[in-house]
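Working notes, structure below.
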Amino acid sequence: MINLNTDARLNIILPNTNKALAEAIKNATPEQLSQLKEGKDIKSLLTSVFQDKITAAKSDTVLLDILKNSTAFKNMGNLTDNLQSLLKELKTSPDLSSKTAALETFLKNAATIDGATLKNQIASSGVFMESKFAAALQKIPDLTQTLEQLRTLLTKSPQNDAKVLQQQIATLLESPILSTASQDLKSAISLTDTLKKVTENLHTLLSKSDPLYSKEVSALAQKLDQLSAVQEIKTALSQLYGTLLSSKAADTNTLLDSIEKLLKNLDNAPTEELKSFTQQLKSAINEGNSTKELTQVIAKLDEFTNPKALVTETFLKESMEHDLKSNLLALHDELTQSNDPNAPKLLEQTDKLLTQIDYHQITSYIGSSNSIYIPFAWDQLEEGSMAFKKTTDKKFYCEINLRLKEYGELNLMMALYEGNQLEIQAHTEKPELKTLIHDNIATLRSLLIDAGLTPRAIRVFEMKETLSPLKETYGTDANGSDLGFEVKV
């Protein structure tokens, strides 16, 4: 039985459960500890950091500085190499060699990576293990919220079918099946069957949308804004009148009355009256047209159609089976009780890997980002990191810092905005790499365009030449980020 704790994420920032944080605190100076918060024990301090996360307290910065500058983590080596060493040692122990199959799935060669593999590797990295617990506990509350949203949207529809569907959803929200589905597969199956029927009824409702909210009426409303000839206006209003005759929306009768008055006085060129009516029509369309929102809700409901995913225990069992931290914790427990002569050495290696994952978890949390190692092999790479940031104005920044065996350091900063507009700035340690990038910029542009991106600017500098403006933007926008994650290679 999996023990679920609604405060599971708090364990990430407590030194008795986070190996990385315990190590960092142990090596912190008295001055650093006093800067965090005077008169507080470590547990109280970290709890306050957890509670004050939204306000980005000063203690966040101090803790992050302690973590990133601690020599303990700098001497731990590469996680990929450590995992490979553990696997090699496990294979020499007959009683433990069966554990290698699951762990080997977390090692991939960079040459074989595609989008799906990358997504899967990140999700199963172990950094998100506690988040999976939180997601499992949140599934039914999220479904309930979606159903409440749907019920509210349906109150805006004048169709009788919408009222019937609204009542169906109200009954479901009051049913005990919503609470039992997370514990019992039979209830979960019954719930998903009901959700599928609701979705089918929604599709039917959308296909019978009221004429007021049709594409034809929207097009006529736009057309009235552009017409100036009396005969053309008369034709458009007549078409609109005929379409609205079959509408049952609450605003329809008022709109029909307005059209009749306009048609009677059209020869007097009532410009202001026509503008007023057009605005009235557009307002009626916007207030009652929930087609787009209903389509979005249907997409949300589709996320809850797998009954096994609704049952908390089943969902977590499948998730933890493919999670690196979960596998390492299971191995740790087995090694603790093992009589194998290699167990102490294997336990030490397992602890090192768990500490590295804990390090990424705590730096993610304290730094308001997602710090993620990626266990991909790349022969030319000595070390590297990638950091992503999304700002409040919907711009995306990506910083990539690499140390290459042949070419030394390469720092890249990219900015993505307006959906597909991309700027790239590269800083190289060696002039040879700068020349190599320059020689291949045309190829890079073509590849970016093929991927649906528009390269607005690609600039290459040597590190001694200039500081990247994009680098400055990324570094100074700590308070403007609402989403970010850092990927350590």
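The set of residues in the stretch 109-119 that are part of a helix (DSSP H, G or I) and either outside the structural domain of Leu354 (by TED's automatic domain parsing) or of a type in the set (A, V, I, L, M) (or both) comprises Ala110, Ala111, Ala116, Leu118.
Would you be able to say whether some residue in the stretch 344-353 is farther than 30 Å from Ser93 by Cα and in contact with a helix residue (DSSP H, G or I) (Cβ under 9 Å, 6 or more places away or on another chain)?
Just the residues of the stretch 344-353 that are farther than 30 Å from Ser93 by Cα, to begin with: none.
No, the stretch 344-353 has no match at all.
For residues in the stretch 108-131 being of a type in the set (D, E, K, R) and farther than 23 Å from Lys352 by Cα, which is surrounded by the most Cβ atoms within 10 Å (Cβ to Cβ)? Only one residue tops the list, namely Lys119.
Across the stretch 130-156, the qualifying residues are those that are over 21 Å from Pro307 (Cα atoms) and not polar (S, T, N, Q), and the one among them that is modelled with the highest pLDDT is Arg151.
Residues in the stretch 213-221: is at least one surrounded by fewer than 16 Cβ atoms within 10 Å (Cβ to Cβ), closer than 26 Å to Leu153 by Cα, among the basic types (Lys, Arg) and in the same structural domain as Leu165 (by TED's automatic domain parsing)?
Initially, the stretch 213-221 is screened for residues surrounded by fewer than 16 Cβ atoms within 10 Å (Cβ to Cβ), giving 215-216, 219.
So of that shortlist, the ones also closer than 26 Å to Leu153 by Cα come out as 215-216, 219.
Keeping just the survivors that are among the basic types (Lys, Arg) gives 215.
Narrowing further to those that are in the same structural domain as Leu165 (by TED's automatic domain parsing): 215.
Yes.
Any idea how many residues of the stretch 386-405 are among the hydroxyl-bearing types (Ser, Thr, Tyr) and either surrounded by fewer than 18 Cβ atoms within 10 Å (Cβ to Cβ) or modelled with pLDDT of 75 or more (or both)? Total meeting the criteria: 2.
When the stretch 278-329 is filtered for residues that are polar (S, T, N, Q), part of a helix (DSSP H, G or I) and at pLDDT 85 or above, the ones remaining, listed by number, are Thr278, Gln279, Gln280, Thr312, Thr314, Ser326, Asn327. Pairing residues of the stretch 435-462 that are more than 15 Å from Gln425 (Cα to Cα) with residues that are surrounded by 15 or more Cβ atoms within 10 Å (Cβ to Cβ), at Cβ distances under 8 Å and at least 6 apart in sequence or on separate chains, gives Ile449/Pro455; Leu453/Leu416; Leu453/Leu422. Taken together, the residues in the stretch 152-201 that are in contact with a helix residue (DSSP H, G or I) (Cβ under 6 Å, 6 or more places away or on another chain), closer than 22 Å to Ile285 by Cβ and either of a type outside the set (Lys, Arg) or buried (at least 18 other Cβ atoms within 10 Å of the Cβ) (or both) amount to 6. Considering (1) part of a helix (DSSP H, G or I); (2) over 30 Å from Leu346 (Cα atoms); (3) modelled with pLDDT of 85 or more, the lone condition that Ala101 does not fulfil carries the number (2).
The test for being surrounded by 16 or more Cβ atoms within 10 Å (Cβ to Cβ) and outside the structural domain of Leu354 (by TED's automatic domain parsing) does not hold for Leu96. For Ser157, the requirement of being assigned to a loop (DSSP other than H, G, I, E, B) and assigned by TED's automatic domain parsing to the domain that holds Phe315 is met. Within the stretch 382-433, the set of residues being among the basic types (Lys, Arg) and in contact with a helix residue (DSSP H, G or I) (Cβ under 8 Å, 6 or more places away or on another chain) comprises just one member, Lys389. Inclusion of Leu353 among residues that are more than 23 Å from Lys119 (Cβ to Cβ) and in contact (Cβ under 8 Å) with a residue 12 or more places away in the chain is not warranted. Scanning the stretch 406-423 for residues that are part of a strand (DSSP E or B), in contact with a Ser or Thr (Cβ under 6 Å, 6 or more places away or on another chain) and either hydroxyl-bearing (Ser, Thr, Tyr) or surrounded by fewer than 17 Cβ atoms within 10 Å (Cβ to Cβ) (or both) turns up just one, Gln421.
Looking across the stretch 316-335, the residues that are of a type outside the set (S, T, N, Q) and surrounded by 18 or more Cβ atoms within 10 Å (Cβ to Cβ) come down to Leu316, Met320, Asp323, Leu324, Lys325, Leu328, Leu331, Leu335.
The values are calculated or read from the model by the stated rules, or taken from the named source; none is laboratory data. These figures come from a predicted structure and were not determined experimentally. As a convention, Cβ positions derive from the backbone with ideal geometry for all residues, glycine included, and neighbour counts pool all protein chains shown.
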